[in-house]
Amino acid sequence: MSLLKEYLKERGVKEIIEYPHGFVTYAIQDKLCYIEDMYVLPSERGNGWSTRLADEVCADAKNKGCELISCSIDLNAKDNTSNFYTIYQYGFRPHRAHNNEIYFIKEL
Ligand SMILES: CC(C)(COP(=O)(O)OP(=O)(O)OC[C@H]1O[C@@H](n2cnc3c(N)ncnc32)[C@H](O)[C@@H]1OP(=O)(O)O)[C@@H](O)C(=O)NCCC(=O)NCCS
């Protein structure tokens, strides 16, 4: 188990799925699953890894009774344009904007 996974398990607040080329962290609360962070190594981007990671999150969330999945974009973070493409391409739609953050949602 990676150090990050160990840490998140001990804190008990988030789930994590790790691949050699990337990871995703998410939290489940009642019927909502919120994707907190996703990262794919720059050299591996554009190869569908984020889609595979998101598919695994959705499967786990559904198993745990979730009906919605959500994620957000921090407008202060750099290089956000491809995140918009990735999020939109996966079927998320804008839900609300708050404090420089745009939240997206998708039915499971
Ligand atoms: C965002 C991120 C996770 C995407 O990972 P990825 O593995 O490269 O994404 P994928 O290859 O699965 O692409 C997903 C879709 O978005 C599309 N896409 C991504 N960037 C695009 C762009 N600039 N223009 C058009 N389409 C784009 C892809 O074509 C793909 O669509 P398809 O399935 O129809 O081909 C990756 O860029 C990353 O780690 N960025 C840095 C960290 C970050 O900002 N994380 C998100 C905030 S928490």
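Label points 7 Å out from Cα along the Cβ direction at TYR88 and HIS21: separation in nm?
Going by the 7 Å Cα→Cβ label model, 2.4 nm.
If you find the alpha carbon centre of the range 5-79 and of the range 91-108, how far apart are they in angstrom?
Computed from Cα coordinates, the inter-centre distance equals 15 Å.
Mind running the shape call on the range 3-107? Use the C-alpha gyration tensor, a ≥ b ≥ c as the square roots of the eigenvalues: rounded below 1.5 for a/c, prolate if a/b tops b/c, oblate otherwise. All intermediate terms of the calculation are to be shown ahead of the outcome.
Values: a/c = 1.38, a/b = 1.07, b/c = 1.28.
Verdict is rounded for the range 3-107.
Residue by residue through the range 48-54, what is 3J(HN,Hα) from phi via Karplus (6.51 cos²θ - 1.76 cosθ + 1.60, θ = phi - 60°)? Round to whole Hz and write x for glycine and proline.
Couplings: x, 5, 5, 5, 5, 4, 5 Hz.
Could you pull out every residue, at least 5 positions away or on a different chain, whose amide H is within less than 5 Å of the one on SER72? Hs are placed 1.01 Å off N in the peptide plane, and Pro or chain starts have none.
Excluding prolines and chain starts, which carry no amide H, the hits are PHE104.
With label points built 7 Å along Cα→Cβ from the Cα atoms of SER2 and LYS78, find their separation and express it in nm.
Output for this residue pair reads 2.2 nm.
For the cross-link pairs LYS14/LYS78; LYS14/LYS106; LYS31/LYS106; LYS9/LYS62; LYS9/LYS78; LYS14/LYS64, which exceed 22 Å when the distance is taken from alpha carbon to alpha carbon?
Working: LYS14/LYS78 24 Å; LYS14/LYS106 20 Å; LYS31/LYS106 12 Å; LYS9/LYS62 20 Å; LYS9/LYS78 29 Å; LYS14/LYS64 14 Å.
Pairs exceeding 22 Å: LYS14/LYS78; LYS9/LYS78.
Rounded to whole Hz and in sequence order, give me ³J(HN,Hα) for the range 73-82 from the Karplus expression 6.51 cos²θ - 1.76 cosθ + 1.60, θ = phi - 60°, writing x for Gly and Pro.
Coupling constants for the range 73-82: 10, 8, 5, 7, 6, 7, 6, 8, 4, 5 Hz.
Could you give each residue of the range 40-47 its phi-based ³J(HN,Hα) in whole Hz, using Karplus coefficients 6.51, -1.76, 1.60 with θ = phi - 60°, and x for Gly or Pro?
Running phi through 6.51 cos²θ - 1.76 cosθ + 1.60 with θ = phi - 60° gives 10, 3, x, 5, 10, 5, x, 10 Hz.
How big is the antiparallel share of DSSP beta bridges in the range 3-107, given as a percent to the nearest 5? Before the final figure, lay out each step's value.
Numbers: 25 of 28 bridges.
Counting DSSP beta bridges with both partners in the range 3-107, the antiparallel share is about 90 percent.
Each value in this text was obtained by applying a stated rule to the coordinates, not by laboratory testing. This one's a predicted model, so the numbers in the text were calculated from it and none came from an experiment. Glycine also receives a Cβ, built like all others from the backbone with ideal geometry; neighbour counts cover every protein chain displayed.
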